[in-house]
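The values are calculated or read from the model by the stated rules, or taken from the named source; none is laboratory data. This one's a predicted model, so the numbers in the text were calculated from it and none came from an experiment. When we count neighbours, we look across all protein chains shown, and the Cβ atoms used for this are built from the backbone with ideal geometry, even at glycine. The protein model used for the area step is the full one, side chains on, heavy atoms only, and it has no ligands, DNA or RNA in it. Shrake-Rupley method; radii C 1.70, N 1.55, O 1.52, S 1.80 Å.
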Amino acid sequence: MSNAGVTYRAVQAVGPGKLELTRKPLVDPPPGHVRIRVEACGVCHSDAGTVEGVFPIAWPRVPGHEAVGVIDMLGAGVEGWAVGRRVGVGFLGGSCGHCEQCRGGDLVNCRNQEFTGIQHDGGYAEVLIAKASGLVSIPDDLTAVAAAPLLCAGLTTFSALRNSNAKAGDLVGVLGIGGLGHLGVQFARHMGFEVAAIGRGADKADIAKKLGAHHYIDSSSVDPAQALQDLGGATLVIATASGGKAVAQIVKGLRPRGKVMTLGAASDPIEVSTSDLLFSSRSIEGALTGNPATGDATLKFSARVGVAAIIETMPLERAADAYARMMAGKAHLRIVLTMQS
């Protein structure tokens, strides 16, 4: 059937901080890709890389990398997927399968991987063309809205915890109780860790405890590193949305051979005393989201144990308002765009 004259709605970035609603022509997917009818897309802080022009992009560009929908067309050569299949698309646009990193099994660091909503259009739209190698399968018992934040915020925190050296019963800290952190607390609790949530202000204590934290540390009233040491020292701290100074400070809260994993991007550097690393063999490591198989596991685990983002929804045509609300820190705690007006 011809696509001539057929269009779909999309919200695209056209300049620094400027989003506009437009219509784009419907096209068939190229080889190795699928076409998805998007049902929901999360609004993530990383979208600022596209909207504000932090990443090297060419405007106009449709942001969004927490997209959930249904495949409605397969490109040539696509195997393992079918029309009608519910799928998700995260930040990683799909590995090439032939570079040195892919051949070694490190799909996250594929040298030829594009990022969704950066090098190609993302999920702030009714239709998305996606590379088949980057697709995540959506369980039947998760709605599109519930699944969307799990494709980035959920996958990032789940993957970091799952791939860490921490064992059930170990003390794990979650620094920052925001879009990533509120999911990290839930995952850590359900994985069997002793969980210390670390945030600014006593007002976050109740929600941290409701999400599953055994301890809440208010960094505005106590030294969070000392508080962790008073609990025996953390084997792992995942830093979800904090600046370099907060990350550097929390290192002192680690037990010997403990690790801080930084998940949230910040502009200020992490300045750590070498003695804080050397004398207890501590370390700091970065972690970027996860591969598609870990995405599948994230969603299955979330559906099975009841991990869920706290979400407010807004229609696609209000994407600019949703983005501004997220950037101003007024979202509680994740915003998801829906394609139904």
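Consider G253 against the criteria (1) of a type outside the set (A, V, I, L, M, F, W, C); (2) over 23 Å from the mean Cα position of the chain (by Cα); (3) at pLDDT 95 or above; (4) within 28 Å of G42 (Cα to Cα): it satisfies all of them except one. Which criterion is unmet?
(4)
Please go through the stretch 297-313 and give me each residue that is touching a residue at least 40 places away in the same chain (Cβ under 8 Å) and touching a strand residue (DSSP E or B) at 6+ places or on another chain (Cβ under 6 Å), ordered by number.
Correct list: A309, I311, T313.
Among the numbered criteria (1) surrounded by fewer than 13 Cβ atoms within 10 Å (Cβ to Cβ); (2) under 26 Å from the mean Cα position of the chain (by Cα); (3) on the phi > 0 side of the Ramachandran plot, which single criterion is violated by G17?
Failed condition: (1).
Can you find a residue in the stretch 189-199 that is under 21 Å from the mean Cα position of the chain (by Cα), crowded, with 17+ Cβ neighbours inside 10 Å and in a helix (DSSP H, G or I)?
yes
Of the residues in the stretch 163-188, how many are under 17 Å from R257 (Cβ atoms), in contact with a Ser or Thr (Cβ under 7 Å, 6 or more places away or on another chain) and not in a loop (DSSP other than H, G, I, E, B)?
2
One line per residue, one yes/no per condition, for (1) touching a Ser or Thr at 6+ places or on another chain (Cβ under 8 Å); (2) of a type in the set (S, T, N, Q); (3) open to solvent by 60 Å² or more (accessible area, probe 1.4 Å):
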site: G49; (1), (2), (3): no, no, no
site: I57; (1), (2), (3): yes, no, no
site: P60; (1), (2), (3): yes, no, yes
site: G64; (1), (2), (3): yes, no, no
site: D72; (1), (2), (3): no, no, no
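Mind checking which residues of the stretch 85-131 are in a loop (DSSP other than H, G, I, E, B) and closer than 15 Å to C41 by Cβ?
G90, F91, G93, G117, I118, D121, G122, G123, Y124, E126, listed by residue number.
On the basis of being crowded, with 18+ Cβ neighbours inside 10 Å, modelled with pLDDT of 95 or more, within 20 Å of the chain's Cα centre (by Cα) and among the β-branched types (V, I, T), does V68 make the cut?
yes
Checking G64 against (1) part of a strand (DSSP E or B); (2) under 20 Å from G264 (Cα atoms), only one condition comes out false. Which one?
Evaluating G64 over (1) part of a strand (DSSP E or B); (2) under 20 Å from G264 (Cα atoms) leaves (1) as the failure.
Quick check on this structure: which one of G53, G94, G90, G123 is modelled with pLDDT under 95 and open to solvent by less than 40 Å² (accessible area, probe 1.4 Å)?
G53
Can you run down the residue pairs with Cβ atoms below 6 Å, 6 or more apart or on separate chains, where the first is in the stretch 102-128 and in contact (Cβ under 8 Å) with a residue 40 or more places away in the chain and closer than 23 Å to W59 by Cα and the partner is in a loop (DSSP other than H, G, I, E, B) and aliphatic (A, V, I, L, M)?
Once the first residue is in contact (Cβ under 8 Å) with a residue 40 or more places away in the chain and closer than 23 Å to W59 by Cα and sits in the stretch 102-128, its partners that are in a loop (DSSP other than H, G, I, E, B) and aliphatic (A, V, I, L, M) give I118/I57; D121/V62; G122/V62; Y124/V62; A125/V62; E126/M339.
Going through the stretch 127-163 one residue at a time, which ones are among the hydroxyl-bearing types (S, T, Y) and closer than 16 Å to G179 by Cα?
Passing the criteria: T156, T157, S159.
What pairs come up if the first residue lies in the stretch 1-18 and is closer than 20 Å to R318 by Cβ and modelled with pLDDT of 95 or more, the second is open to solvent by 30 Å² or more (accessible area, probe 1.4 Å) and among the hydroxyl-bearing types (S, T, Y), and their beta carbons are under 6 Å apart, counting only those six or more places apart or on different chains?
Going by the 6 Å Cβ cut-off, the qualifying pairs are A10/T22; Q12/T22.
Does the stretch 244-256 contain any residue that is part of a strand (DSSP E or B) and surrounded by fewer than 23 Cβ atoms within 10 Å (Cβ to Cβ)?
The answer is yes, given that some residue of the stretch 244-256 is part of a strand (DSSP E or B) and surrounded by fewer than 23 Cβ atoms within 10 Å (Cβ to Cβ).
Just checking, does the stretch 222-230 include any residue being crowded, with 17+ Cβ neighbours inside 10 Å, modelled with pLDDT under 95 and more than 16 Å from A309 (Cα to Cα)?
no
Restricting to the stretch 200-213, count the residues that are touching a residue at least 24 places away in the same chain (Cβ under 8 Å) and either of a type in the set (S, T, N, Q) or not in a helix (DSSP H, G or I) (or both).
2
It is to be established whether one or more residues within the stretch 205-213 are under 23 Å from the mean Cα position of the chain (by Cα) and either of a type in the set (F, W, Y) or on the phi > 0 side of the Ramachandran plot (or both).
yes
Give me the pairs, please: first residue somewhere in the stretch 322-341 and open to solvent by 10 Å² or more (accessible area, probe 1.4 Å), second residue anywhere and assigned to a helix (DSSP H, G or I), beta-carbon distance under 6 Å, and either six or more positions apart or on two chains.
The qualifying pairs are A331/R325; L333/H182; R334/P149; M339/L316.
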